[in-house]
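Remarks on the structure that follows.
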Amino acid sequence: MAKAKKAKKAKKAASKLKRKKLKTSKPAPRKKAAKKAVKRNKVSRKPRSKVSTRPAPKAAVKLQTPPPPSPAPLPPPGDRVGVVSHYFSHLSVAVVKLDPNTNLHVGDKIHIKGHTSDFGQRVESLQIGHAAVDQVGPDDDFGLKVVDHAREHDIVYKVK
């Protein structure tokens with residue numbers, strides 16, 4: 001028992017000693033964002049004018065004139081030959097679907113007209129299936145080298 005008493009006394013003595021507290025590092029306080037000063041321009045108001053007691057002048061009566069008639073649509077530049085079905089921009093080649101009962105030869109003058117396209121040229125090169133040909137017949141799909149950008153659904157005319 002004597003040993004037990006000594007252990008208790010040692011324990012009490014240890015608990016009576018004040019332990020030093022370790023300083024824990026606190027996170028640095030965050031800086032508050034500076035608020036920008038907003039300049040507000042004061043709008044000066046005009047003083048209200050006094051209400052006039054005179055009657056307002058009568059508005060002049062305008063005669064409505066009818067709008068000018070729209071110009072008559074221009075006739076097509078020639079006989080319709082076909083329609084552009086595709087355009088290869090890197091080659092400047094238009095694929096054209098020829099209409100029935102029409103033909104086209106190398107050297108013919110054509111005019112391509114569409115929503116944004118409108119240009120004429122001579123037929124320099126005709127190709128069917130990567131093979132050069134001198135003429136194309138009805139209902140043929142062929143490649144045509146063009147000088148300007150042609151778009152799908154543009155109409156091809158043969159100029160006389």
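In the stretch 69-91, which residue that is under 15 Å from Val147 (Cα atoms) and among the aliphatic types (A, V, I, L, M) is surrounded by the most Cβ atoms within 10 Å (Cβ to Cβ)? This residue is Val84.
Put simply, of Ser25, Ser52, Ser70, Ser85 the only residue that is of a type outside the set (Phe, Trp, Tyr) and at pLDDT 90 or above is Ser85.
Residue-by-condition table, conditions (1) over 19 Å from Leu74 (Cβ atoms); (2) charged (D, E, K, R):
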| site | (1), (2) |
| --- | --- |
| His90 | yes, no |
| Asp99 | yes, yes |
| Thr102 | yes, no |
| Thr116 | no, no |
| Ile128 | yes, no |
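Within the stretch 140-160, the set of residues being among the aliphatic types (A, V, I, L, M) and surrounded by fewer than 19 Cβ atoms within 10 Å (Cβ to Cβ) comprises Val147, Ile155, Val159.
Scanning the stretch 97-107 for residues that are out of contact with any Pro (no Cβ under 8 Å at 6 or more places or on another chain) and surrounded by 16 or more Cβ atoms within 10 Å (Cβ to Cβ) turns up just one, Leu104. Would you point out which residue out of Ala94, Ala132 is exposed (fewer than 14 other Cβ atoms within 10 Å of the Cβ), touching a Leu at 6+ places or on another chain (Cβ under 9 Å) and either modelled with pLDDT of 95 or more or outside any loop (DSSP other than H, G, I, E, B) (or both)? Just a single option satisfies the conditions, and that option is Ala132.
The values are calculated or read from the model by the stated rules, or taken from the named source; none is laboratory data. In this text the structure is predicted, and so the values were computed from the model without any measurement. All Cβ positions, even for glycine, are placed from backbone atoms using ideal geometry, and neighbour counts span all protein chains on display.
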